[in-house]
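The values are calculated or read from the model by the stated rules, or taken from the named source; none is laboratory data. Since this is a predicted model, take the numbers as computed values, not measurements. Here the Cβ positions follow ideal geometry from the backbone for every residue, glycine too, while neighbour counts run over all protein chains shown. For the accessible areas, the whole protein counts, side chains as well, though only heavy atoms, and no ligand, DNA or RNA atoms are used. Shrake-Rupley method; radii C 1.70, N 1.55, O 1.52, S 1.80 Å.
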Amino acid sequence: MLADYAVRVEQSRGRRYPEVQHRYRNDFQRDRDRVIHARAFRRLEAKTQVFTRRYSDHFRNRLTHTLEVAQIARTVAAQLGLNVDLVEALGLVHDVGHPPFGHGGEKVLDAVMRQHGFSFDHNLHALRIVEDFEVRYAAFRGLNLTFEVREGIVKHSRNYDPRAFPELAEYLLDLRPPLEAQLIDMADEVAYNTADLDDGLEAQLLFLEQIRAGLPVFDKFYRDAEKTYPDAPEKLKFNEAVRGLFNHLAGDLIGHTQQQVQKENIRSLDEVRAFPRRLVGFSSEVEVERQQIKEFLRANVYQNTELDHGKDDAQKIIRELFEFWMKNPSDCRAAIKRKQRRTRCLASFAIILRE
């Protein structure tokens, strides 16, 4: 049962190129499946979340992170009465615009593009991918996703000034996105704020006592695990604490969002869009804890000097590849067309794909 404020697939604004309705899948389910079968989705498997494969193949990559976000978002959406099919499609597509080497790769790509008067935004690049770069169908370019999925790609994590982005006017920049899209950014937070503690400990960039001392909310759940499983190995107690933290964040996200919707008397999708701020979020108490976790991870994992070598390699590869392609666009186009892998541009591209 959908809530009154949920997106209904039968009221979708449709696709850019009209298509015949599928016999047994609705439009949002078709969008989900098109994303899963897209090349850009498969490429996420080789893209860094935090750690490259040189550390271990047990760590999250961009693809496994995406699956975790989709799982969290589906669970929360069902509790809020939202459209789970739309949420799943958005959860799976939300990161397809990320370049290799994580956020460090995005920063250096943005920096080199600004030297030419442009910039890089992974949300807008994701839109570019699904609208133009993916070529799978004879009838149209791109994946021909519904308006609601394309809008969610653009607006799930930030607001865009209509004056600064007139090319995005069709995506209703002066209005808030549906709750289904707002949810993705918060599910993303739950996913990496717990997963990066896990991977950080496995990588020995973090240590149990350090986490307990730096994050009181984690320490609470670890003490609970010690009481419940006194004879369990330390790592399993840690896992139970992460599990408790995970449920704490997700449960608060559900409860606080329900309270906000009720408090503001939101009765329809139009009211969600017209509301002056986003409604999906954490309570003030848990928001403080979330910020603490994020700052802890930034200081102790993301900016850890042990990762500097990989960051330096990423900057070098992206800068050199970008500069070569800017100076030799015809050479690279011809090389790609002929599939001559010995050329510098394709060799560099292969390195990026392998990371």
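Let a ≥ b ≥ c be the square roots of the eigenvalues of the Cα gyration tensor of the range 53-194; is it rounded (a/c under 1.5), or, if not, prolate (a/b larger than b/c) or oblate? Rounded shape, in that the Cα axes give a/c under 1.5. With all protein chains in place and a 1.4 Å probe, the accessible surface of the chain carries 50 percent carbon and sulfur. For the pair ASP110 and ARG267, a Förster radius of 35 Å applied to the C-beta separation gives a FRET efficiency near 0.30, rounded to the nearest 0.05. The chymotrypsin sites (Phe, Trp or Tyr not before Pro) of the range 201-260 include none that meets both conditions, a loop assignment by DSSP and at most 10 other Cβ atoms within 10 Å of the site Cβ. For the chain, the dipole from Cβ point charges (+1 on Lys and Arg, -1 on Asp and Glu) about the Cα centre works out to 1680 debye, to the nearest 20. Calculated FRET efficiency, ARG158 to ARG243, Cβ-Cβ distance, R0 = 41 Å: about 0.85 to the nearest 0.05.
Take the Cα of LEU172, step 7 Å toward its Cβ, do the same at GLU295, and the gap between the two points is 3.7 nm. With both labels modelled 7 Å from their Cα along Cα-to-Cβ, the GLN79 to THR305 distance reads 4.2 nm. At full extension, GLU285 and ASP219 could sit 22.1 nm farther apart than now, given 0.36 nm per residue minus the alpha carbon distance.
A simple charge model with +1 on the Cβ of Lys and Arg, -1 on the Cβ of Asp and Glu and nothing else charged puts the dipole of the range 87-200 at about 460 debye relative to its Cα centre.
Stretch GLN71-ASP313 to full length: gain in nm at 0.36 nm per residue minus the Cα-Cα span? If you can, show how the numbers build up before the last one.
Details: separation 242, 0.36 × 242 = 87.12 nm, distance 3.25 nm.
Gain on stretching GLN71 to ASP313: 83.9 nm.
Calculated FRET efficiency, TYR229 to ARG43, Cβ-Cβ distance, R0 = 41 Å: about 0.55 to the nearest 0.05. In the calculated pair-distance distribution of the chain, the portion above 37 angstrom amounts to 24 percent of the Cα-Cα pairs.
Loop-located GluC sites (Glu not before Pro) in the range 225-327 (DSSP state not H, G, I, E or B) with no more than 15 neighbouring Cβ atoms inside 10 Å: GLU264.
Counting pairs of alpha carbon atoms under 8 Å apart in space and at least six apart in sequence, what relative contact order in percent does the chain give? Walk me through the intermediate numbers first.
On the way: 458 pairs, mean separation 71.6, N = 355.
Once normalised by length, the contact order is 20 percent.
Averaged per residue, what accessible surface does the chain expose to a 1.4 Å probe, in Å²? If you can, show how the numbers build up before the last one.
Working: 18130 Å² over 355 residues.
Dividing the accessible area of the chain by its residue count gives 51 Å².
For the range 21-26, the Karplus equation 6.51 cos²θ - 1.76 cosθ + 1.60, evaluated at θ = phi - 60°, returns couplings of 4, 6, 5, 9, 10, 7 Hz by residue, with Gly and Pro reported as x.
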